[in-house]
1. Whole number please: convex hull volume per residue, Cα atoms of the chain, in Å³.
2. Can you pull out the trypsin sites (Lys or Arg not before Pro) in region 1-73 whose DSSP state is coil and whose Cβ has at most 11 other Cβ atoms within 10 Å?
3. Mind listing P(r) for region 101-196? All alpha-carbon pairs, 5 Å bins, whole percents.
4. Taking 0.36 nm per residue of separation and subtracting the Cα-Cα distance, what length does fully extending residue 185 through residue 148 add?
5. List, in the order given, every pair from 23/80; 62/177; 62/143; 56/184; 23/67; 68/189 whose Cα-Cα distance in the structure shown is over 29 Å.
6. GluC sites (Glu not before Pro) within region 121-196: which are DSSP loop residues with at most 14 other Cβ atoms inside 10 Å?
7. Given the convex hull over the Cα atoms of region 66-157, what projected area results after averaging over all orientations, in nm²?
8. Label residue 36 and residue 90 with points 7 Å out from Cα along Cα→Cβ: what is the distance between them in nm?
Amino acid sequence: MWNDKKHRRGMIIVISAPSGAGKTTLVELLREDFSHIYRSISCTTRITRKGESHGKDYIFVKEDKFKKMIENNEFAEWAKVHGNLYGTPKAALEANLANGKDVLLDIDVQGAEKIRELYPNGLFIFIMPPSIEILRERLESRKTENQDSLEIRLNQAVKEMGYHTRYHYTIINEDLKEAELELKSIIVKEKNKSLI
Ligand code: 5GP
């Protein structure tokens with residue numbers, strides 16, 4: 001049957017945001033209620049932050065290993081972000097989509113451009129901070145960056161925010177609860193559309 005659940009591919013959901021926009025928290029809140037969505041686990045060459053674990057937050061690899069993976073065509077997309085390499089493993093992405101599972105990609109704007117080419121039917125959501133000042137405050141209070149890295153991320157944030165028009169939806173994360181509800185309702189609405 002054409003709409004047999006078994007043969008329906010999953011939906012790809014791409015979420016991008018400048019760092020400090022609250023994306024990680026929103027993605028966690030989303031996953032609590034939408035546990036059926038598979039979150040793609042990226043490979044990265046960046047160092048592990050406190051509280052992160054290998055295989056759960058990221059697959060942490062050395063640069064030479066990452067480069068081998070590029071050569072072997074193992075990534076659906078990859079990009080250099082804030083001086084580190086990040087990539088979406090293709091095999092897990094494709095396997096989940098083929099099994100009818102929706103897949104969430106938390107990737108930067110460069111990666112989103114590539115995924116848009118490969119999966120034009122994907123859902124693209126951008127999360128914005130309410131202002132640059134608030135973004136700076138959030139990054140400072142997070143204390144995960146040193147001053148240089150913070151400035152790099154802020155400059156990058158301004159550039160990245162220019163891409164928001166390339167996304168289907170932009171959510172301004174001023175109030176976390178409201179942003180969470182907006183994100184969830186967008187996904188439910190778009191999923192229902194895709195099932196018609
Ligand atoms: P962080 O180092 O703060 O975890 O992530 C930095 C940026 O890299 C975030 O914007 C995040 O969305 C992005 N990112 C994480 N994984 C990937 C990936 O696989 N591909 C791309 N292009 N960006 C990624």
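No lab work stands behind these numbers, since they all come straight from the coordinates. Quantities reported herein were computed from a predicted structural model and do not represent experimental measurements. No Cβ is skipped: glycine too gets one built from the backbone with ideal geometry, and neighbour counts run over all protein chains shown.
1. 122
2. 49, 50, 56, 62
3. Calculated over all Cα pairs of region 101-196, the distribution is 2, 11, 19, 21, 20, 14, 8, 4, 1, 0 percent.
4. 9.6 nm
5. From the list (23/80; 62/177; 62/143; 56/184; 23/67; 68/189), the Cα-Cα distance tops 29 Å for 62/177; 68/189.
6. 174
7. For region 66-157, averaging the hull's shadow over all directions gives 7.3 nm².
8. 2.9
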